[in-house]
Structures are given as structure tokens and as C-alpha cells.
1. So in the range 100-131, with the set limited to residues that are in contact with a Lys or Arg (Cβ under 7 Å, 6 or more places away or on another chain) and open to solvent by 10 Å² or more (accessible area, probe 1.4 Å), which one is farthest from residue 333 (Cα to Cα)?
2. Which members of the range 276-296 meet the condition of being outside any helix (DSSP H, G or I) and under 17 Å from residue 318 (Cα atoms)?
3. Kindly list the number of the only condition in (1) closer than 21 Å to residue 154 by Cα; (2) in contact with a Ser or Thr (Cβ under 9 Å, 6 or more places away or on another chain); (3) surrounded by 16 or more Cβ atoms within 10 Å (Cβ to Cβ) that fails for residue 64.
4. Tally the residues that are of a type in the set (Ser, Thr, Tyr) and more than 13 Å from residue 75 (Cα to Cα), restricting the search to the range 93-115.
5. Would you be able to say whether some residue in the range 287-295 is touching an Asp or Glu at 6+ places or on another chain (Cβ under 7 Å) and of a type in the set (A, V, I, L, M, F, W, C)?
6. Have a look at 137, 80 and point out the one that is modelled with pLDDT of 95 or more, closer than 24 Å to residue 267 by Cβ and touching a strand residue (DSSP E or B) at 6+ places or on another chain (Cβ under 9 Å).
7. Taking the range 260-275 as the search range and keeping residues that are of a type outside the set (S, T, N, Q) and open to solvent by 40 Å² or more (accessible area, probe 1.4 Å), which one is nearest to residue 312 (Cα to Cα)?
8. Could you count how many residues in the range 231-259 are touching a residue at least 12 places away in the same chain (Cβ under 8 Å), over 27 Å from residue 115 (Cα atoms), assigned to a loop (DSSP other than H, G, I, E, B) and open to solvent by less than 60 Å² (accessible area, probe 1.4 Å)?
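The values are calculated or read from the model by the stated rules, or taken from the named source; none is laboratory data. The model shown is predicted, which means the values in this text are computed figures rather than measured ones. When we count neighbours, we look across all protein chains shown, and the Cβ atoms used for this are built from the backbone with ideal geometry, even at glycine. Areas reflect the complete protein model, heavy atoms only, side chains present, ligands, DNA and RNA absent. Shrake-Rupley method; radii C 1.70, N 1.55, O 1.52, S 1.80 Å.
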Amino acid sequence: MAAQFRAARTDDIDELLTLYRAVYGSSYTLPLGTDREVMAREIESPTTTWLVARTGPQGPLVASILGTVSPSERLGKLQGLAVHPDARGGGIARQAVRELSDQILGEQPVDSVYATARTNSTAPQRICLQSGFRALGVFPNLRKSDRHETMVLLARHRPGVLEQRLPVPRVPAGLAGLVDAVHETVGLPDAPRPTVDGRTSPDPVRAGAASAFELVDAPAFVRRRFTEAVPEPGDRFYPFHAPNVLLTAEDGGFEVYAQLNRGDGYCALVATAPGLSERGGDLDAVISTLSDHGALHVEMLLPLDRYADLNLLLGNGFLPAAAYPAMRLEGDGYRDYVVMARTMKPLDFRGLAIDAAFRPFTEQYIELWKQQYLNTHGIFH
């Protein structure tokens, strides 16, 4: 029998804490399942829909899922799916994902909704795939809980959106595998594929002494400074990410705004001022500074047509992890985006359980990683 989902209330928080601990254990680090104040804020937020289900009117909570919407960016995000171990096997998880994504895409001003799924089992991935989501990529060493865990990215689009994608003239050779993967796996509507640059290696990073960087850890100040330094919305497009640290060059000529979580090592480079290509030679010093402050996985979201910036990131050890077609509405069409990632830890895919839909993304990432770190061509000369 289908579960009856309803909106979560603040008086559910005690049971929600118990549910998340039963599902994830004590290693769960996300505040949506551990922090009462954060949970209360989300339950009461007008941009969040949090659904819960019980076994009966008097039974305990057995399932939870929430979706957050960004109306200005026309995007939704599913997260926090939890089904009590005693209630698994009855389709509750699939029902939760389908009901919430249907609701968001049908009732909210959004064009797509995305989710990440764990790889300790294929079940979370297949629940999303069976609910209309498409595989978009893989993030090795994304977050650290008991260990550095690989996650996958999926998204579901509103009907008709993918048919309105804006063309991408060309991409660096290092993104050829990702372009092939997203066309193969997503089954994109007919559209010209980008021309792949024939060069096999990215442009070299400009030589010269890199600046030293200071890290400013003052979230309120960083957010105020961010809107002043990066006024164009398109230059600071990173849905559901807000910078909490600022890296500033000692010469004052380059600022990098990042979201850094020291608890699990996740870091997103949200934006730079000026543009990335103007101070690309400083990028390695930026990464080194972030690493010194606990970053273990660094990623950046860029339009797929930002050729120079993508080539620059490839030259600084970033690899294409995921593509998000039709992610952002721009004029009369939708722009494709790509997530470029750099991990500070060796790849470790032992115990990885991944659905076949993600295999093309995994294979292209591993191949690029081998070229980057295991190129032995020069050893025998």
C-alpha cells in the first residue's frame, strides 16, 4: 500500500533526528538531519517543501524527503531522502522522489530539479532513474563521512526544456568524453554537438610568480562583498551555493569567493573577481590555500561554452565531472553547464556500486585522471 506523505511540521523534528540517525548512523554530517535550528528553518521556509510519511496515524515516521526551490534561478533540488530500514522494499523511496519532483515541476516556477545519490548501493540511483531523472555525472571523493564518498548527479527537466538548449560552438578536447556521455546517457534532442578542439592538452597556464592569498572567514562580510564585486547574476550563478569565505590576493587584484565546509572537505568556487581567465596563473595558489584550510574536493560550475575558462581549469588539474544540459534560462533558450572538479585525495573506487547509466561518466573521468596523474610517457626516454 502506498504511503501517505504530508508536509513536515516543526514538532516532527525529534522524530526526524531519530530517523536520520537510524538510516545514516552517527557519521551523517549534513545539518538537515542533525541540526534542529536548520531543520526548523527549512520546514518553515516558503521555498522548501519537506514531506514525511508514517506507517499509520499513530506510527513512527518512516520516510523523509525535502525539496528546495530557487525561483530566481528556476531550479529545484531534492535532498535528505531517508527511509527507515524496517520500511524498505515497499517502494516508499520511489514514491517520495516521484511525488516531490512531480509537485515541484508541476506547481513551482522551475525548469528542472536535481539530486545527488550515494554509491554505496545502486538503489538510491535507480530510485531516481525510475522516477524520471537522468544521469548527468559522477563526483569522486565529493564528501567525507566515514570515508571519502563518491556521489552521482541526476536531474529531471520540465517537458520541452531540453529542446530549447542554446548551441555550444566548441569545447576543449578534455571535455569530449563528457559531451559524448551526456548525449549518450541523457538522449538529448537533436541539436548540433560542440566541435571538439583537436588539441590533446590544454593551453599552458601563464608563467609568472603567483600571488600569495589570504583567506577571510567572515560569512556575513563575504556575502555583502560578493554582491558588490560580482554584480552580474550570470557571473555568480551557482544554485543553492552561497560563499562563506573569501580568498584575496595580497596585491588586491584578485578575489575568489568560495563555499567551504571544513567538516566534510567540500568546496565550491562560486565566482571570481575579475574573471577567471584574467588571473588564471594564480589558480594553483588558490587551491593550495584552500587545501591548507581543509578543502578536499574543489569544484566550479561554468557554462559549457566558456572555452577559455574550461581550458584553464583543465590546465590546473580540474576534470569534467558532470554536465547539466539546459540548466539556466537565458533569453529565449537554456544554457548548458559543466561541473569541473579537483580532488585532493587519490581515487578509491573500492566498494563502488554504480548503475550502468553512470558508466560513461565514470570512464571518461578515470581516463582523464590517468592522463593527468599517471602519464608515464617521459619515463622511458
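1. Among those residues, the one meeting the criterion is 124.
2. Narrowing the range 276-296 to residues outside any helix (DSSP H, G or I): 293-296.
The answer is 295, 296.
3. (2)
4. At the first step, the residues of the range 93-115 found to be of a type in the set (Ser, Thr, Tyr) are 101, 112, 114.
Next cut, more than 13 Å from residue 75 (Cα to Cα) only: none.
Residues in the range 93-115 being of a type in the set (Ser, Thr, Tyr) and more than 13 Å from residue 75 (Cα to Cα): 0 in total.
5. Narrowing the range 287-295 to residues touching an Asp or Glu at 6+ places or on another chain (Cβ under 7 Å): none.
No, the range 287-295 has no match at all.
6. Numbers: 80 fails: modelled with pLDDT of 95 or more.
Going through 137, 80 in turn, just one is modelled with pLDDT of 95 or more, closer than 24 Å to residue 267 by Cβ and touching a strand residue (DSSP E or B) at 6+ places or on another chain (Cβ under 9 Å): 137.
7. Filtering the range 260-275 for residues of a type outside the set (S, T, N, Q) gives 260, 262-271, 273-275.
Now drop any that are not open to solvent by 40 Å² or more (accessible area, probe 1.4 Å), which leaves 262-263, 274.
On the way: 262: 26, 263: 29, 274: 15 Å.
Applying the filter and picking the extreme gives 274.
8. Residues in the range 231-259 being touching a residue at least 12 places away in the same chain (Cβ under 8 Å), over 27 Å from residue 115 (Cα atoms), assigned to a loop (DSSP other than H, G, I, E, B) and open to solvent by less than 60 Å² (accessible area, probe 1.4 Å): 2 in total.
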